[in-house]
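See structure below.
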Amino acid sequence: MRGFSIFIILCLAVSFMADRKRTLSGLQRGGRMFLNVMPTLLTVMILMAVALYLIPAPVIARVLGEQGGALGFLLAASIGSIVLLPGFIAYPLCSTLMKQGASVPVIAVFVTTLMMVGVLTLPMESKFFGLKAALLRNGLSLAGAVVVAILMGLSYARI
Amino acid sequence: MPGSEGKPARVGLRSYIPFCLFLAGGFASWLLDWEPGKEILREFGRFAGEMILVLPLVFILIGLVDVWVPRKRVEEMLGDESGLRGMLLVILLAFFNAGPLYAAFPIAIILRRKGCSLRNIFVFLGAFAAMKIPMISFEIGFMGLKFSLLRLAFTLPVFVAIGILMEKLLGRGYEMRLPG
């Protein structure tokens, strides 16, 4: 994150030195896009906050730790698909899961769907890419997450 | 702040009404000491905290790319004829990013507008979701190197396949626009 900020600030400084007017117009365009996107983004964040309140992280950890087998896998894929969570929430949760005895495929499908599939962000995604593309991307990502999880389960214990 | 521009944004203030209602609700639950409301507000604060730092930076970057990077260059490097090199490039681009996947949506749009191929757009999104540096360092710390490396090794071909499939299913000319 810090590296990213420094990089952007450097870009901005170089851009300013090269051409002030052009930089300002770029900032203006970026700002306008930001304002256009903001309302949708805020709505998504509100939805996610409500979702996390309804199914809090400790509850997810308990349920997925207790449920083994196909049911656990299915639950992990479904819960993971609802929200898109940033790593700083997802990974502590997954490490708790591992300690509570959840299997590798369950954790893998959970973390991969968390990152790649977001039903709650679907309205926002379809605003950007169109409904068809958003549905396809999420559907294919869900299938991909299942593949990744199965491969993880087959290989993890053997290496 | 990029928001301090002269021209009014195309999105009216009206679209901020749901958010204002939410804030009012949060304030009320704080006043009335209503625990569920306070908890939701706290969760919202965690997301907002993450976004507030990343998002303005992302949009500064988008604005700069918009004015500096010529469409022809992007088309050459990431367009339909860019091949394996173009794909590696978008993966690298995602690698050095931060923020949740939905912060990548506007970046994808600007890349598309500059002539990036549809396949590379979705490879970029996949890489952004699954293999950003800040995330991988987090993952190694919490799950161990073995878990992280295996996951990356299996996820990489999966999102490359998704990119190829998306292009096949939507068609190369599929258009995307920024909302608003």
For this session: Would you mind finding the one in A:Ala102, A:Ala76 that is crowded, with 16+ Cβ neighbours inside 10 Å and not in a helix (DSSP H, G or I)?
Result: A:Ala102
Problem set entry | Flag if A:Val44 is at the interface with another protein chain (Cβ under 8 Å from one of its Cβ atoms), modelled with pLDDT of 85 or more and within 30 Å of B:Glu39 (Cβ to Cβ) | no
For this session: Report yes if A:Phe34 is among the aromatic types (Phe, Trp, Tyr), outside any loop (DSSP other than H, G, I, E, B) and either in contact (Cβ under 8 Å) with a residue 40 or more places away in the chain or in contact with a Gly (Cβ under 8 Å, 6 or more places away or on another chain) (or both), otherwise no.
Result: yes
For this session: Please work out which one of (1) at the interface with chain B (Cβ under 7 Å from one of its Cβ atoms); (2) within 30 Å of B:Leu150 (Cα to Cα); (3) assigned to a helix (DSSP H, G or I); (4) at pLDDT below 85 is the condition A:Gly3 fails and give its number.
Result: (1)
For this session: Could you list, in sequence order, all residues of the range A:105-119 that are buried (at least 20 other Cβ atoms within 10 Å of the Cβ), under 19 Å from B:Phe44 (Cβ atoms) and more than 9 Å from chain B (Cβ to nearest Cβ)?
Result: A:Leu114
For this session: Would you confirm whether any residue within the range A:124-131 is within 10 Å of chain B (Cβ to nearest Cβ) and either over 30 Å from B:Arg172 (Cβ atoms) or of a type in the set (Ser, Thr, Tyr) (or both)?
Result: yes
Exercise. Which one of B:Phe59, B:Phe47 is among the aromatic types (Phe, Trp, Tyr) and under 27 Å from A:Ser25 (Cα atoms)?
Worked result: B:Phe59
Exercise. Among the residues of the range B:62-94, which ones are outside any loop (DSSP other than H, G, I, E, B) and acidic (Asp, Glu)?
Worked result: B:Asp66, B:Glu75, B:Glu76
Problem set entry | Residue, farthest from B:Glu39 (Cα to Cα), within the range B:11-29, restricted to residues that are more than 10 Å from chain A (Cβ to nearest Cβ) and among the hydrophobic types (A, V, I, L, M, F, W, C) | B:Ala24
Exercise. Just wondering, is there one or more residues in the range A:7-26 that are of a type in the set (Gly, Ala, Ser), surrounded by fewer than 20 Cβ atoms within 10 Å (Cβ to Cβ), part of a helix (DSSP H, G or I) and assigned by TED's automatic domain parsing to the domain that holds A:Val111?
Worked result: no
Exercise. Does at least one position in the range B:158-168 carry a residue that is farther than 30 Å from A:Arg158 by Cα, surrounded by fewer than 16 Cβ atoms within 10 Å (Cβ to Cβ) and not polar (S, T, N, Q)?
Worked result: yes
Problem set entry | Hey, A:Leu35 surrounded by 13 or more Cβ atoms within 10 Å (Cβ to Cβ), of a type in the set (A, V, I, L, M), at the interface with another protein chain (Cβ under 7 Å from one of its Cβ atoms) and over 30 Å from B:Glu35 (Cβ atoms) or not | yes
For this session: Answer yes or no: is there a residue in the range B:134-155 that is part of a loop (DSSP other than H, G, I, E, B), surrounded by fewer than 20 Cβ atoms within 10 Å (Cβ to Cβ) and not polar (S, T, N, Q).
Result: yes
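The values are calculated or read from the model by the stated rules, or taken from the named source; none is laboratory data. Predicted model, so just to flag it, every value in this text is computed and none were measured. Cβ: placed from backbone, ideal geometry, glycine included. Neighbour counts: every protein chain shown.
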